[in-house]
1. Once amide H atoms are placed 1.01 Å from N in the peptide plane, what residues at a sequence separation of 5 or more from Asp36, or on another chain, have their amide H within under 5 Å of its amide H?
2. For Rg and Dmax of the Cα atoms in Å, one of (1) 16.9, 51; (2) 18.1, 56; (3) 17.3, 56 was computed from the structure I shared and the rest are decoys. Which label?
3. Pull up all non-local amide H partners of Ile101: gap of 5 or more, or a different chain, and H-to-H distance under 5 Å with H placed in the peptide plane.
4. Take the chain, connect every pair of alpha-carbon atoms lying under 10 Å apart with a spring to form a Gaussian network, then pick out the residue of Cys48, Cys132, Cys114 with the largest mean-square fluctuation.
5. Measure up Lys2/Lys58; Lys27/Lys131; Lys2/Lys27; Lys45/Lys139; Lys58/Lys131 against 27 Å on the Cα-Cα distance and list the ones that go over.
6. What does the charge count near Ile107 come to, summing +1 for each Lys or Arg and -1 for each Asp or Glu among other residues with Cβ under 15 Å from its Cβ?
7. Please give the length that would be gained between Ile136 and Glu90 if that part of the chain were fully extended, namely 0.36 nm times their separation in residues minus their C-alpha to C-alpha distance (nm, one decimal).
8. With label points built 7 Å along Cα→Cβ from the Cα atoms of Thr4 and Arg102, find their separation and express it in nm.
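A short reminder: the numbers here are calculations on the coordinates, not readings from a lab. Please read these numbers as outputs of a predicted model, since none were measured by experiment. For neighbour counting, all protein chains shown are included, and Cβ atoms are generated from backbone atoms with ideal geometry for every residue, glycine included.
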Amino acid sequence: MKRTKCQAIINNILGEAEKQDLCAALKEQKFSVMIDESTDIGAVKTMCVVVRYYCAQKGQIVSRFWDLIHIHGEENSAPVATATAQHLFEAVIISFEENSIRIENIIGFGSDGCNTMMVCHNSISSRFRAKCPGMIVLKRVCHSLHLCASDACK
């Protein structure tokens, strides 16, 4: 099998089956959301969404890829100003609502410590707190430690 056929099978068959299984699991139980933004070599800004929940089949907590949301760049001609907390929050919420996942099932949120994600007012975490009272919000300490270690090594 060559690259294009293999990619089509993964995207259209295996990927869809995994997404349906994950949707079924998230509809029935509480879960946490972890997000991070990135810009690829083609200057396309994306946001990766990972969910974390208890898997009864495995008997443990698992982290699984949920979605890769294009914020702006080649595939989305929206201006750079769309990378606001409001736009990013709405993109995450829409991603869950399109798959009939109840937002009330979200009990945790994790991200790096940038202002768009974590400040007290007008951030993604503040919007999640307003929409899901009682939610636990964690700043990823490992990301901060990595930045400190990288800077120290320079």
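1. Cys48
2. (1)
3. Close amide H contacts, sequence-distant or interchain: none at all.
4. Evaluated over the chain, the most mobile residue of the options is Cys114.
5. Table pairs above 27 Å Cα-Cα are Lys2/Lys58; Lys2/Lys27; Lys58/Lys131.
6. Once positives and negatives cancel, what remains is +4.
7. Stretched fully, the Ile136-Glu90 segment lengthens by 14.6 nm.
8. Calculated label separation equals 4.5 nm.
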